[in-house]
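Okay, structure first, notes after.
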Ligand code: FRU
């Protein structure tokens with residue numbers, strides 16, 4: 001197998017060191033540094049028994065790879081150390097994860113029993129508790145699946161710990177179960193905190209719950225969700241519910257869900273709270289339905305750029321982590337008119353694959369605005385197309401060099417009723433993240449177009465005044 005040359009990696013996104021990664025886990029601060037773990041299979045570029053890879057950062061742009069934090073090395077987690085979260089405590093850095101135990105049932109069929117376990121460490125080395133698993137499948141209420149009971153999100157409130165777990169009900173619904181503990185070792189069931197009500201997917205994976213701008217937010221990644229309009233097309237989706245807990249704190253009262261990211265490649269996001277109070281999200285920049293990895297890569301899987309969260313008019317806003325601004329370099333700008341008759345235009349210095357690009361255009365006389373990204377000028381290119389009349393932005397990687405018959409385009413509504421529309425586009429070797437409407441609408445996609453394809457071209461129907469500001473991102 002050909003190996004990827006050093007330096008061929010993304011510059012400011014977490015990638016698998018070697019092998020496979022999925023889901024961010026244990027995103028947390030410990031002793032003043034930010035830690036990120038993730039689902040990890042070191043032995044191939046496919047999913048397998050899960051380990052926890054471990055990264056540490058001081059600025060969320062440059063990530064240091066640390067030794068693997070956990071391996072599936074106990075009878076109760078031999079099937080894998082599945083997703084979970086982390087918390088700084090007086091006892092150390094607590095990792096709470098799903099221990100998958102392999103069993104054979106009375107009919108000889110192999111089964112996975114999912115229970116919750118804890119490891120405690122010093123930020124580098126972690127030890128699993130002797131009393132694991134701390135939440136066993138016997139502690140599930142009647143009618144809750146033992147095979148789909150996972151992804152604990154832990155937090156502390158007052159002097160109690162809480163954890164929210166993903167579960168499937170007997171009727172096949174996604175639900176989030178709330179447990180509580182005083183000492184991390186003894187847990188008790190509190191309530192079915194929220195459930196899909198037959199509307200939002202068959203199993204809720206990776207729940208997260210946190211306060212945000214005076215409200216409370218529940219995020220889940222529902223499997224098997226039916227598409228509606230331009231929303232929920234990924235099969236495995238990630239949705240946000242804004243709301244509030246009931247006065248007893250047992251149930252979540254919420255508004256209708258919204259898609260967190262409209263791209264093909266986004267799943268299982270997790271958040272943490274930075275010491276300065278910012279709520280920061282990171283997601284797996286791939287998806288179960290659509291996953292791909294070039295044959296000559298020895299690694300598969302990336303995370304999104306960390307994103308600062310806020311609420312505006314009750315909607316989630318995502319903005320790339322502000323620390324990225326310090327890594328901007330090689331500024332190039334272009335301002336001018338663009339008309340249909342000009343065809344495709346390329347502008348001095350506006351090119352590259354490691355970019356922070358802001359594009360603003362006037363809307364009054366423009367019907368369609370198009371960009372070719374990661375273009376080699378002879379057919380390999382990814383299109384970003386804005387239909388200003390319909391207010392629909394489409395990212396299309398059909399010609400990105402992909403050799404698999406996967407889904408290649410996604411669209412989302414954006415607000416084109418203003419005089420000017422602004423798009424911020426982050427590109428990093430093999431990914432594109434588009435932030436529209438000041439972070440109200442976001443889409444992420446991976447592209448494995450050869451890295452030499454670094455041209456960017458612009459065209460339109462009608463006429464527009466365009467302002468482009470480009471920075472290269474130096475990253476690692
Ligand atoms: C989500 C997920 C989690 C599980 C993990 C296994 O992508 O299916 O529910 O813990 O991946 O790797």
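Coordinate-derived values only; no laboratory data. As the structure is a prediction and not an experimental result, all values here were calculated from the model. Note that each Cβ is placed from the backbone with ideal geometry, even for glycine, and that neighbours are counted across all protein chains shown.
Which residues does a label at residue 215 reach in region 246-264, if reach means a backbone N under 11 Å from a point 7 Å past the Cα toward the Cβ? So the set is 254-258. With 22 Å as the cut-off, how large is the P(r) tail for region 88-228, expressed as percent of Cα-Cα pairs? The proportion of pairs with Cα distances above 22 Å equals 41 percent.
The slack in the chain from residue 138 to residue 111, taken as 0.36 nm per residue of separation less the alpha-carbon distance, amounts to 8.1 nm. Here the convex hull built on the C-alpha positions of the chain has a volume of 147 cubic angstrom per residue. Pairwise alpha-carbon distances in region 53-154 exceed 15 Å for 65% of all pairs.
Between residue 230 and residue 323, full extension at 0.36 nm per residue minus the direct alpha carbon distance yields a gain of 30.3 nm. Restricting the calculation to Cα atoms, region 152-202 shows an Rg/Rh of 1.06 when the hydrodynamic-style radius is the Kirkwood one.
Sorted fewest first by neighbouring Cβ atoms within 10 angstrom, 206, 366 come out as 366, 206.
Modelled this way, with points 7 Å down the Cα-to-C-beta line, the labels at residue 189 and residue 315 are 3.9 nm from one another.
Put simply, when 341-348, 295-302 are sorted by average Cβ atoms within 10 angstrom per residue, most first, you get 295-302, 341-348. Panel order for 168, 424, 474, by other beta carbons found within 10 Å of each beta carbon, from fewest to most: 474, 424, 168.
A straight line joining the Cα centroids of region 52-90 and region 240-296 runs 19 Å.
Arranged from fewest to most other beta-carbon atoms within 10 Å of their beta carbon, 226, 258 become 226, 258. Using r as the Cβ-Cβ distance of residue 171 and residue 124, and R0 as 56 Å, what FRET efficiency do you calculate, to the nearest 0.05? Working from the Cβ atoms, E equals 0.80.
Mean sequence separation of contacting Cα pairs (under 8 Å, at least six apart), scaled by the length of the chain, corresponds to a relative contact order of 13 percent. Centre-to-centre, using Cα atoms only, region 177-213 and region 319-361 are separated by 42 Å.
In terms of packing, defined here as the mean over residues of other Cβ atoms within 10 angstrom, the peptides 239-250, 450-461 line up highest first as 450-461, 239-250. Taking all Cα pairs closer than 8 Å and separated by 6 or more residues, the relative contact order of region 383-476 comes to 19 percent.
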